[in-house]
Structure formats: structure tokens, C-alpha cells
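Notes for the one structure printed next.
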Amino acid sequence: MSTSSASASASADEKQQQHPRGIHFGPFEVTNQIFMTTPHSFALVNLKPLLPGHVLVCPRRPAQRLTELSAPELTDLFTSVQRVQRMLARHYFLPPPSPSPSPSPETQQEQPTTDPEEATTAGSFNIAIQDGPEAGQTVSHVHVHVIPRIRGSTAKAAETPSDELYERMAAEDGNVGGAQWDRELAAAADAARGRPQPGGRFPSIEDAQRRARSMGEMEAEAALYRRVLRELEEETAR
């Protein structure tokens, strides 16, 4: 094989890794929303995120319940959740580096840390699984919600005993299946199956007016997260 052919092949392989084809979340094809894949799991940006950075991590096999996963699948799923947490912490919890026209040892020491473990403690996360329809699951495919809580922005108010986010997850805000249904299957869905409904809380408060994001918006966010993951892994490998 010539050098140019090898380069073209490598470029095609890299593109295939960045944009894997044919990945489904339940019945929904979500390939363009994917920003990370592993042997047993994938992570995707959310069509209607509750807060900035709200993403989903799923097993590749469309198991409906957490107890259906094998030990390797379960290990890979939660290892992937940790990996996504570190990426989101780097992006949302750390201030951007201050530009310096002439870097010096002194200014370099003033830059914020990029240590993955330290970054994760610069904010907090909601990690949630709605395991079955009675718990509010609207897509019959195990998925872990990973939601960064940014200090001074989207963090839970310290003086409140409860967290409104959990109420929103169980209402129309968190209706992942309904949002995907609206976008992809509304015209052709089986009327007997119908649109998934939110659940898992009482009383139910509907908020169907929240805007679903465009595919372009989701693809841009997925590309951003792939870049942050790559930077994080390059730093970790040093």
C-alpha cells in the first residue's frame, strides 16, 4: 500500500471512530449525538438537557434494566460515567486559562489545575438512573444521567432541603423518550404505543414548552466534548 493510500485509510478510520455509525438509544438512532464510545458503552448529548452539560451514558446492548447487564458491561458503564464526569468537570468546573503573550514560570504557576481528580471536586454531579417505567424511564434502554452542578451557576441552593432537579427529571423536562419521539417517530409511530410519558414523581407537572435542540446544536456540543476528552487523555498520558 502506498503512503498516500495508508494516510487516506488512517484518516477514514479516524473519522469512523469519531462518528460511529448505527448506534441506537432504544428505538432511536442517535449516532450524531455520540461523543464517546467504549467496547460496551456510549455517551451522547441530550436533546433537551435539564442543565448545561446534561448527558447520557448507555450500554451498547439495549438492556432494559440494570440487573440485565453482565459484569463486564456494568463495569464498563460506570467506568464510562467516571470518564465523562472528568471531562465535564474539566470543561465546566475549571476557569479557562488566562492568555499570556509571554509565558513565564510565574504565570504558568498561576494557571488553574487540570488534574482530573481535583477538577471533579471543583463542582458536583447528579448521577441518576430511572430503572424501569415505574421509576420514570421513558426509553427502554438503560441510561445514566450525568449532570454537572456548577458552583455559582447551576448548583443546588444550600439553604433548600430538596433539589428541584429531581422534580424536573420526573416531569416533562426529563422525558427523554418523549423528546426523541417528537423528533423522530411522531409521524410514523404506532398509535397503540403512543408517545412516552414522564413519571416517577407526584404530582406530575408538565412543561412541554421547553425547546428541543437542533441536530446542528447537538453535533457541535458532541464535537466539543470529543475535543475535551482528547485533551484530557493526552494530558493524562504525559
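Highest mean packing first, where packing is the average number of other Cβ atoms within 10 Å per residue, the peptides 130-136, 42-48 line up as 42-48, 130-136. Each label was represented as a point 7 Å from its Cα along the Cα-to-Cβ direction; for ARG151 and GLU68 these points are 4.1 nm apart.
All of the numbers you see were taken from the coordinates with simple rules; none came from a lab. Quick caveat, the model's predicted, so the values are computed rather than measured. Heads up, the Cβs are rebuilt from the backbone with ideal geometry, glycines too, and the neighbour counts pull from every protein chain shown.
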